[in-house]
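Shown next, in structure tokens, is the structure this report addresses.
The values are calculated or read from the model by the stated rules, or taken from the named source; none is laboratory data. Everything numeric in this text was worked out from a predicted model, so none of it was measured. Counting neighbours? That spans all protein chains shown, and the Cβs are built from the backbone with ideal geometry, glycine included. When the accessible area is computed, the model is the full protein with side chains, heavy atoms only, and any ligands, DNA or RNA have been set aside. Shrake-Rupley method; radii C 1.70, N 1.55, O 1.52, S 1.80 Å.
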Amino acid sequence: MSSSPSPVELTLRGIILGAVITLLFTAANIYLGLKVGLTFASSIPAAVISMAVLRCFKSSSILENNMVQTQASAAGTLSSVIFILPGLLMMGYWSGFPFWQTSAICAIGGVLGVLFTIPLRRVMVVHSTLPYPEGVAAAEILRVGSPGEDYAEAPVARPKVVEDGRAAPGGRELLIGSVISALFALCTTGFKGWLTPQRYG
């Protein structure tokens, strides 16, 4: 945790950042799911992005980063509608996407997910038999990227430290990787619409 006597946790900047990351990751998950039929877990990249952004504020803490990545982890569950709504179209039950019915299905699915999380948390999280589940991985990333953390009992390597004494969460590497990925996607599929001749009439 932070060296501050009372580290911040629930902040407006954290809520806004978590909402933005959730929006972007949900859109990316929906596109990827409809494209290849798979989605990605958003907790770990959200934790990295949160640390890269919130390290600009001196009052940020591991609790605030955890709040942001927990909020952004909903992107993986929100994108699960890609397996249900297109099925209704393929079955011929729908001919479009009615707004209120779609909203009701998403809301009911979210409520059921929360309700089932309560009894399954102890089995799948607390007493999980997985050697390194996603939640533990996200926690280790937050611990490594947070300043003032005690690493004596943690089986992880110490993070790099920049001049101001704070941990470097790798925001520059994340940005470079995103730019390279965007350029690769642009070169492989982005110019397809321009290079393909359009015929009308």
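So the values come out like this:
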{"quantity": "Pair list, Cβ < 7 Å and 6+ apart or interchain, from region 67-85 residues that are closer than 13 Å to Ile105 by Cα to residues that are of a type in the set (Ser, Thr, Tyr)", "calculated": "Leu78/Thr26; Ser79/Thr26; Ser79/Thr39; Leu85/Thr102"}
{"quantity": "Candidate set from region 4-46 (those that are assigned to a loop (DSSP other than H, G, I, E, B) and among the polar types (S, T, N, Q)); member that is least open to solvent (accessible area, probe 1.4 Å)", "calculated": "Ser42"}
{"quantity": "Criterion violated by Ser60 - all others in (1) over 26 Å from Val8 (Cβ atoms); (2) small (Gly, Ala, Ser); (3) part of a loop (DSSP other than H, G, I, E, B) satisfied", "calculated": "(1)"}
{"quantity": "Residue in region 52-74 that is more than 18 Å from Glu134 (Cα to Cα), in contact with a Leu (Cβ under 9 Å, 6 or more places away or on another chain) and either among the polar types (S, T, N, Q) or at pLDDT below 80 (or both) present", "calculated": "yes"}
{"quantity": "Test: residue in region 161-170 that is more than 26 Å from Ser79 (Cβ to Cβ) and at pLDDT 55 or above", "calculated": "no"}
